[in-house]
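K.L.:
Structure in structure tokens, see below.
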């Protein structure tokens, strides 16, 4: 069930705007953006000449709505949605401070080309026109460029921003964006990120794996902003009961002054982990070697007390158990098995049968998965390697991407 966009309904224009938004959200072409369209509030204002966003909320001028047909209005709605998706009013604040007009234009050039590509037949959305001429900013030179690249080119051509053609069909509420405090910004960033990731899942379900629809700028936003090992540590820290291993071989010097002898702590470690490695037919030697390298990295990072290492395709083809002092030898002693289809849910059945109840599950895969399963009984982290699954996000648990 799609969330209903939060448009305050007062009159004809409000109802029409709400209707257009819902139609876009239900259209498979725009599944990627459906969740994001419910972020923030939307209102119609008699005093706004066109449309604008502060990066969270949207405002549409009443007369402006009247001047557009439904396809043109849908185009404008998605235009504002993409401003929010790319966090333009926060990411490019420095560009705005340098030259507000060129910053506005750069953002719009990037967005409009993408919108035109989303519906080349103009069956749902169409660029607003006046007297048969498009009023949005479009330039094929900027295809595949991000906002900063476009800004640099425009700045070189017109250093003082002396463009006489205006800024397109919408305004950019930079001042409104400044009014959001840090707490608001963090909450918005989280909400936008979640909406985008859910949109990717919806998009892949409808359009099929590897389908288009995302450009490099959005891909950059979805990439983790921290090293995957840091994300792994945070995952384990949040889900596992950390334990401190102590040793009497080295006396804790902090207590010697009081004639008290205590063991020193030799490092924080976690309890029981299950690590599942995808060995389906789509996994080659290169991917398997990368997975095993990351298993060693996991062991070195979090020092698990016990590891159940499982190789899976459509069944658990191999199961190896390692205690705390054996974990370092996983790579040299393990024997990978598998090579059939791909069904990670076989792990669920296997762990139930063997009564294996880890504190957390870490799955390594290339992301070429049809059904992810929804009955995992422990917190699960999907670590996806390689280019094939770089835009893939599991619908359950947490997903990170490792490697290039």
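K.L.:
Please give the Cα centre distance for region 137-153 versus region 80-122, rounded to the nearest Å.
P.N.:
One Cα centre to the other: 10 Å.
K.L.:
If you count the DSSP beta bridges with both ends in region 269-404, what percent of them are antiparallel, to the nearest 5?
P.N.:
Counting only bridges with both partners in region 269-404, antiparallel ones make up about 25 percent.
K.L.:
Modelled label-to-label distance, residue 314 and residue 335, 7 Å Cα→beta-carbon offset: nm?
P.N.:
It is 2.4 nm.
K.L.:
Quick one: compute the contact order of region 12-209, relative version, from alpha carbon pairs under 8 angstrom and 6+ residues apart, as a percent.
P.N.:
Once divided by the residue count of region 12-209, the mean separation gives 28 percent.
K.L.:
Quick one: if you stick a label point 7 Å off each Cα along the C-beta vector at residue 97 and residue 11, how many nm between them?
P.N.:
4.0
K.L.:
Give the span of region 12-209's Cα atoms along each principal axis, as three whole-Å numbers ordered largest to smallest.
P.N.:
Here the Cα extents, ordered largest to smallest, are 44, 44, 39 Å.
Each reported figure results from applying straightforward, stated rules to the coordinates on display, with no laboratory input. Everything numeric here is computed off the predicted structure, so don't read it as measured data. Ideal geometry is used to build each Cβ from the backbone, glycine not excepted, and the neighbour counts take in all protein chains shown.
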